[in-house]
1. In segment 261-307, what residues are farther than 20 Å from residue 236 by Cα and charged (D, E, K, R)?
2. Looking only at residues that are at pLDDT below 90 and charged (D, E, K, R) in segment 263-287, which one is nearest to the chain's Cα centre (by Cα)?
3. Only residues that are closer than 16 Å to residue 191 by Cα and free of Cβ contacts under 8 Å to residues at least 60 places away in the same chain: list them for segment 86-111, please.
4. Looking only at segment 292-307, which residues are outside any loop (DSSP other than H, G, I, E, B), closer than 24 Å to residue 251 by Cβ and out of contact with any Cys (no Cβ under 9 Å at 6 or more places or on another chain)?
5. Taking residue 268 as the residue in question, decide whether it is in contact (Cβ under 8 Å) with a residue 12 or more places away in the chain and in a strand (DSSP E or B).
6. Looking only at segment 154-174, which residues are under 25 Å from residue 125 (Cβ atoms), in a strand (DSSP E or B) and either of a type outside the set (A, V, I, L, M, F, W, C) or not assigned by TED's automatic domain parsing to the domain that holds residue 120 (or both)?
7. So, of the residues in segment 184-205 that are assigned to a strand (DSSP E or B) and closer than 19 Å to residue 133 by Cα, which turns out to be farthest from the chain's Cα centre (by Cα)?
8. Can you pull out every residue in segment 279-291 that is in a strand (DSSP E or B) and surrounded by 15 or more Cβ atoms within 10 Å (Cβ to Cβ)?
Amino acid sequence: MKKSRKSSYTFSLSAYAAVAVSFLHTKETDSQVVYIDIDPDIILDEALESTGLDIDNNGTIDFALLNSSFTFFSESFSSYFTRQDILAGPYIPGNAIAGISEYFSSPYGGGFTLYYPFALSQGSIINNVLSWQNNGQQIMGIRTFVNYAMPNTWQCANCYWYGYFNPETIDRFLGIRFIGDFGENHYGWIRCDVKDEGRTLVIKDYAYETQPDNAILAGDTLHYVDIIQSENDIGATIYSFGFNIYVYLNDTKGMLLKIHDINGKELINKNLFEDNTIINMNGYATGFYILTLNYNHQTCAQMIMLY
């Protein structure tokens, strides 16, 4: 793995563009995923190293990421502290990152809000259903050290990328939303690592959907994936990614799921008792299949594709 040692690094589509298009339905013929592989990876492992990403190559930086470190004195503890942050944020106000925020009140009045981007797994839906944040300094990781012999360390309890429960996060995705040239919203992802106990941020690649308001799946580089919301009372969201089929239900109650090939042969028959189900179809051929859901005399049938 190579590294750029520039303290400020701007990456755009012009040098590293790879576009792949796939269509599932004629109504989606304008939909395409633009994928950009960053080679070499951008590695921020020193204080004040930063990078800016021009996602759609229009000459404007859309998102910035920063490895920050500074020392401060706490009168409450009569000691110096060193704090290191891994930060991400939109570079222009209209853009956003998927995540949540937490408000902390102060006993002396007022308070402050911290913002935490999600570390999305491959295949996660990135669309308007997620919660979106416009803050320019969203925390992927914090480490704070007390500067005396036998130091203790404070980590971020609520960070999705680095904290108490996840000291290293590899190949996860920032969900991003940015404004196009005509004021429209586009969804995309940035694949990153946060490792070395929160000291290092690695930025590997990113992608976005060219059609306004079209969802994208985290990690998708080749295909427009039809994400289907059933139009009946079953209320299921169904889509495929690679050889995985994702089913999200508003209400389970033992709903029956069946999958048939295009010749009508039944391949899977099972009851669903969880809100979120991932069905792995490794071992089956690429192509189209029919998924049906049955509950209380209601049926939802959708075509899905393995690729």
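The values are calculated or read from the model by the stated rules, or taken from the named source; none is laboratory data. Predicted model only: the values in this text are computed from it and were never measured. Cβ: placed from backbone, ideal geometry, glycine included. Neighbour counts: every protein chain shown.
1. Listed by number, the residues that qualify are 261, 265, 266.
2. 275
3. Passing the criteria: 87, 89.
4. 295, 298, 299, 300, 301, 302, 303, 304
5. On the way: in contact (Cβ under 8 Å) with a residue 12 or more places away in the chain: no; in a strand (DSSP E or B): yes.
No; evaluated as a whole, the condition is false for this residue.
6. 169, 171, 172, listed by residue number.
7. The extreme case among them is 185.
8. First pass over segment 279-291, keeping only residues in a strand (DSSP E or B): 279-280, 287-291.
Of everything in segment 279-291, those that are in a strand (DSSP E or B) and surrounded by 15 or more Cβ atoms within 10 Å (Cβ to Cβ) turn out to be 279, 289, 290, 291.
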